[in-house]
1. Of these, Lys72, Lys22, which one is of a type in the set (Lys, Arg) and modelled with pLDDT under 85?
2. Given the criteria under 22 Å from Phe576 (Cα atoms), at pLDDT below 85 and not assigned by TED's automatic domain parsing to the domain that holds Gln447, does Arg324 qualify?
3. Just give me the residues in the range 248-274 being closer than 14 Å to Val75 by Cβ and in a helix (DSSP H, G or I), in sequence order.
4. Is it the case that Ser42 is touching an Asp or Glu at 6+ places or on another chain (Cβ under 9 Å) and outside the structural domain of Phe165 (by TED's automatic domain parsing)?
5. For the range 289-326, name all the residues that are among the acidic types (Asp, Glu) and closer than 30 Å to Gln462 by Cβ.
6. State which residue pairs qualify: first residue basic (Lys, Arg) and inside the range 287-311, second residue part of a helix (DSSP H, G or I) in any location, beta carbons under 8 Å apart, and separation of 6 or more residues or different chains.
7. Condition test on Ala305, is it surrounded by 13 or more Cβ atoms within 10 Å (Cβ to Cβ), part of a helix (DSSP H, G or I) and not assigned by TED's automatic domain parsing to the domain that holds Gly169?
8. The conditions are (1) in contact with a Leu (Cβ under 9 Å, 6 or more places away or on another chain); (2) free of Cβ contacts under 8 Å to residues at least 60 places away in the same chain, and Ala269 fails exactly one of them. Which is it?
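The values are calculated or read from the model by the stated rules, or taken from the named source; none is laboratory data. Computed from a prediction, not measured in an experiment: that's the story for all the values here. Cβ placement follows ideal geometry from the backbone for every residue including glycine, while neighbour counts extend to all protein chains displayed.
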Amino acid sequence: MSQSVNIEQRPAFSLASFHNRKNEVVAALSQLSIVARRLHSSAVSSQVDLMIRDLDSDIFRLVVVGEFSHGKSTVINALVGEEILPSSVQPTTAVLSTIAAGKECSYTLHYHGGATRTIDAEEFARLVAPDEPDRRDQAGCERYEATMRELRSISVACILHPSAFCTAGVEVVDTPGTNDLDPLREQITYEFVPRSDAVLFVLSARRILAQTEIDFLRDRILKADIQRIFFLVNFADVLSDRDYQRVRDYALNHLAPLVANPRLYMVSARRELRAITASETTATPSGFRELKRDLGRFLAEERGAFKMRRPLARGLRFCEELLRGPLALARNSIGLDLPDLKRRIETLTPQIRQLESERDACLAQLETALTNRRLELEHELRMGLNNVAHTAVNAVHKYGTRQNGPLKRQELARYLEQQIAPVQTAFQSRFAERQANALRDGSETVQQRSRDAFQSLDRSVQEIFAVCEAQPAFSTLDAPEAPQEQVDLAKPVGVAIGIAALGLSVFLPLAVLAGWVGSMLFRGWSDNKARLEALEQIRLEVDQRYRASIPAAVADFEKHWDETAKRMGASLKADFNRRRDEVRFQLTDAVAAHEGSVRSADERRLELDEIARQLEQIRNLLVAQQS
């Protein structure tokens with residue numbers, strides 16, 4: 001554990017200075033939230049309130065993201081200096097976990113609905129890394145299903161650990177894969193990511209920077225104003241010198257257009273962890289040492305400033321949106337007599353009502369598109385898994401023709417793994433990308449339709465109330481740079497794109513293959529006929545096992561896809577309704593300012609001028625805190 005990141009070796013950042021700045025920023029943001037509510041901008045108000053809650057917490061949240069099988073858990077274990085997270089977790093069993101400081105190691109499970117349960121490390125490992133059951137073992141399958149039901153009911157696992165990495169108020173978040181399609185886990189991940197202060201983005205040297213990873217970086221991390229990102233390329237130790245440089249250059253070249261001066265570390269988390277836990281003296285790749293050094297410096301000296309940057313940037317943007325949106329509309333309604341104002345609003349009523357019809361049409365279009373794509377992908381999944389099964393059967397035959405003498409279980413299992421792994425890995429990659437494209441295409445189409453509807457309404461408001469055409473009338477209608485705390489359909493990658501978890505029930509690791517072929521077949525036959533009969537029995541069993549699992553894999557795919565489609569539809573509907581209500585509230589506010597009011601137009605103008613001055617003061621305070 002002594003080799004874990006030791007931030008205590010560096011001067012800690014000044015908590016007193018941080019609290020002083022934080023209090024000033026919180027005060028400014030609190031005023032901003034009040035102003036937003038006065039202008040009936042509930043979206044801005046709720047997001048500002050969320051920022052205030054995060055600032056009030058002195059915890060610095062460092063979120064670890066990456067796709068499945070990239071080694072996120074092993075990276076965290078190496079940073080902490082102990083294997084506190086199982087590294088054999090399957091996509092379907094991953095649980096979002098937080099690691100914070102504690103006097104001793106403990107695991108507390110938080111369930112949807114509020115229940116909690118504290119378990120030990122051994123039980124946690126059994127829960128999140130259960131053994132895949134033999135489908136012929138009914139009792140084992142029932143136990144496995146019970147475990148899966150419990151996993152789906154867990155919202156987060158909170159781990160306490162006496163590591164120097166967490167002692168100074170750092171909370172590390174281990175997320176499920178960014179290509180997870182489970183709606184509950186995906187929702188939690190996308191709630192945590194925008195509320196984090198820095199990111200460790202784990203990539204794989206075996207498949208560097210897939211399009212889904214670039215999309216997640218652009219649409220989920222950068223749009224959340226997270227300004228410090230550490231990129232780790234794991235499994236760098238498997239690369240030749242030539243490939244090492246090629247992978248590094250490729251990653252830097254593709255990150256540079258998105259991130260200024262990207263911090264990239266070529267690492268081998270497993271080798272680093274092994275060196276720590278086994279006290280090995282063999283030198284590990286220098287990339288992890290550089291990462292520890294830079295992380296230690298950042299967490300000790302810079303994290304306070306970086307925790308403040310995001311709320312400052314967002315607060316300034318919200319000030320501009322309120323000034324140019326609802327405040328501009330309220331000002332332009334001054335001077336209109338009540339009948340004229342109502343007449344203008346009445347001309348907008350049919351268009352606002354039409355939004356509901358457009359919403360329902362978009363929902364129907366999305367459902368049809370995703371159903372059609374699901375059927376296409378189901379066929380592709382069956383074909384791909386059958387091809388994996390065919391490869392497995394051929395591998396048994398090839399083994400028999402290339403090797404004479406007694407059959408050796410581990411040797412056969414290794415050979416099958418070598419033959420099958422590249423085929424199933426390539427298929428997984430293609431299939432995940434196909435699903436990503438399918439979801440992206442479906443969501444982009446309906447989102448553009450939604451955007452067009454609200455932009456049309458926005459233009460009508462501009463014309464009717466003579467709002468400056470250069471600015472939107474409503475801050476929430478079409479703001480591509482707006483924060484993404486709320487998971488909605490506006491950004492298609494806001495819904496997980498990729499189903500790498502599905503179909504894995506027929507992807508068999510080495511240990512499973514070794515167990516399948518059965519010890520009864522390996523008693524040293526030298527007789528060729530008996531040997532061929534044994535190989536044929538193995539071939540038939542491998543064929544049966546692989547193909548028998550395909551229907552369950554397709555059913556899992558269909559279930560997860562339908563759940564995701566349902567959630568996408570719910571997000572689209574909620575987004576439509578939220579935007580529609582924003583419009584209604586701001587228009588009715590203009591009427592309320594006239595109806596039953598003894599205030600003159602001058603008094604209303606003075607009131608709005610005061611709101612404008614408050615926004616200017618808030619903006620000046622936030623700008624001052626940026627320096």
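1. Among Lys72, Lys22, only Lys22 is of a type in the set (Lys, Arg) and modelled with pLDDT under 85.
2. So Arg324 passes the test.
3. Ala269, Arg270, Arg271, Glu272, Leu273, Arg274
4. yes
5. Answer for the range 289-326, where residues must be among the acidic types (Asp, Glu) and closer than 30 Å to Gln462 by Cβ: Glu320, Glu321.
6. What qualifies is Lys292/Leu79; Lys307/Phe18; Lys307/Leu55; Arg309/Gln626; Arg310/Met51; Arg310/Ala224.
7. Values: surrounded by 13 or more Cβ atoms within 10 Å (Cβ to Cβ): yes; part of a helix (DSSP H, G or I): yes; not assigned by TED's automatic domain parsing to the domain that holds Gly169: yes.
Spelling it out, Ala305 is indeed surrounded by 13 or more Cβ atoms within 10 Å (Cβ to Cβ), part of a helix (DSSP H, G or I) and not assigned by TED's automatic domain parsing to the domain that holds Gly169.
8. For Ala269, the exception is condition (2).
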